[in-house]
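Below is one structure, written out as structure tokens; the observations come after it.
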Amino acid sequence: MAKFNYDQDFEHTDFRQHPDRYQVGKGEQGVLLVEPYKSEILPHWRFKTPDIARQSADTIYELFLSYKEQDDFVGMDMARKFLQMGFTRARRYANHKNGRKYDAEGNELPREEDPVKAESAAIFYEKYVLARNDPDYQRLKKAHQAKYG
């Protein structure tokens, strides 16, 4: 896998019009850079409570399915990244009440399990796994990487 290129012109690139410029990257790389998808998905991304997380994850997964109907791999991958980010961020707050993993000196702070945020993380994780393991997503991902790197 090629190294993710953060130097490309994200501000002036419409990745729906130029899917050839999109890099899958690792994990959540580029999730807050790729337009118009960021603007379509970000307003729905919330995880404060399990009810909010469920509504958010369901809506983002519906967007994933909508992009899938359009054979829009970039949209599918961006929705997958937002679901993954919902899981990882909620998990961070489940482990660390203030969301900070390290103190000012760089020492890891002790974990304090927050069951509410842990439930929010589990909700996002379930939808993330559905998206990640979707056979059409897997097929389109392989094709995109074979064609564009």
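What follows draws every value from the coordinates through simple rules; no lab data is involved. None of these values were measured; they are calculated from a predicted model. Positions of Cβ are generated from backbone atoms using ideal geometry, with glycine treated the same way; all protein chains shown enter the neighbour counts.
Listed values, structure above:
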{"read-out": "Principal-axis tilt of helix 73-95 within the chain, Cα atoms, nearest 10 degrees", "value": "10 degrees"}
{"read-out": "Loop-resident sites, the range 1-60, for GluC sites (Glu not before Pro), counting at most 13 other Cβ within 10 Å (DSSP)", "value": "Glu11"}
{"read-out": "Between 0 and 90°, nearest 10: helix 50-69 axis offset from the chain longest Cα axis", "value": "10 degrees"}
{"read-out": "Amide H within-cut-off set for Glu35, under 5 Å, with H built and near neighbours excluded", "value": "Phe15"}
{"read-out": "Unit charges on C-beta of K, R, D, E only; dipole of the range 16-82, Debye", "value": "300 debye"}
{"read-out": "Those aspartates and glutamates that a straight Cα-Cα span of less than 12 Å connects to Lys101, excepting residues fewer than 8 apart in one chain", "value": "Glu112"}
{"read-out": "Angle in degrees between helix 115-133 and the longest Cα principal axis of the chain, rounded to the nearest 10", "value": "20 degrees"}
{"read-out": "Dipole magnitude of the chain, debye to nearest 20 (Cβ charges: Lys/Arg +1, Asp/Glu -1, about Cα centre)", "value": "360 debye"}
{"read-out": "Label of the coordinate-derived value, mean projected area of the Cα convex hull in nm², listed as [x] 11.7; [y] 11.2; [z] 9.6", "value": "[z]"}
{"read-out": "Over the chain: helical MRE at 222 nm, DSSP H runs n ≥ 4 each giving -39500 (n - 2.57), nearest 500", "value": "-18000 deg cm²/dmol"}
